[in-house]
Amino acid sequence: MPETASPPDPWEYSLYIPNDPRAVTVSRRTLRLILTMHGLITLVDAAELLAAELISNAVLHTDGPAALRIRWRDGVLRIGAWDADPEPPDPPQKLTGDLDAESSRGLALVAATSDLWG
């Protein structure tokens, strides 16, 4: 009779970062390490993209600190970002065919890549 593995225990990490462009790389590398250590390597690429876009927006559009929150529960990975701006961001614009655009794509990428967001 096959053994049934119990679901992994839920866990949560928060990374508080200064308003510094290097925080995006620190956040991505920390997220990669966390997911790897928890055996979730298949989620790393998409999770890194989402986290990098969220933290980039926080660093670019606010003057204060930010935080990255990573949570696993009931087989669902949640990635969130917090920043010091009291106003919510504008809704994302639709992704266009301009693959060379270097701005205004962050939240559209988050919406296109994640199952749920908001």
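The values are calculated or read from the model by the stated rules, or taken from the named source; none is laboratory data. Predicted model only: the values in this text are computed from it and were never measured. Here the Cβ positions follow ideal geometry from the backbone for every residue, glycine too, while neighbour counts run over all protein chains shown.
Could you say which residue among 3, 12, 48 is touching a Lys or Arg at 6+ places or on another chain (Cβ under 6 Å) and at pLDDT below 95?
48 is the lone residue from the list that is touching a Lys or Arg at 6+ places or on another chain (Cβ under 6 Å) and at pLDDT below 95.
Pairs under 9 Å by beta carbon, first residue outside any helix (DSSP H, G or I) in the stretch 35-47, partner surrounded by 11 or more Cβ atoms within 10 Å (Cβ to Cβ) and of a type outside the set (A, V, I, L, M), six or more apart or different chains?
Correct list of pairs: 38/8; 38/11; 38/72; 39/8; 40/72.
Quick check on residue 81: is it assigned to a strand (DSSP E or B), modelled with pLDDT of 95 or more and not hydroxyl-bearing (Ser, Thr, Tyr)?
Judged against the criteria, residue 81 is not a match.
Can you report the number of residues in the stretch 14-45 which are loosely packed, with under 14 Cβ neighbours inside 10 Å, under 12 Å from the mean Cα position of the chain (by Cα) and under 15 Å from residue 78 (Cα atoms)?
Residues flagged as loosely packed, with under 14 Cβ neighbours inside 10 Å, under 12 Å from the mean Cα position of the chain (by Cα) and under 15 Å from residue 78 (Cα atoms) within the stretch 14-45 amount to 2.
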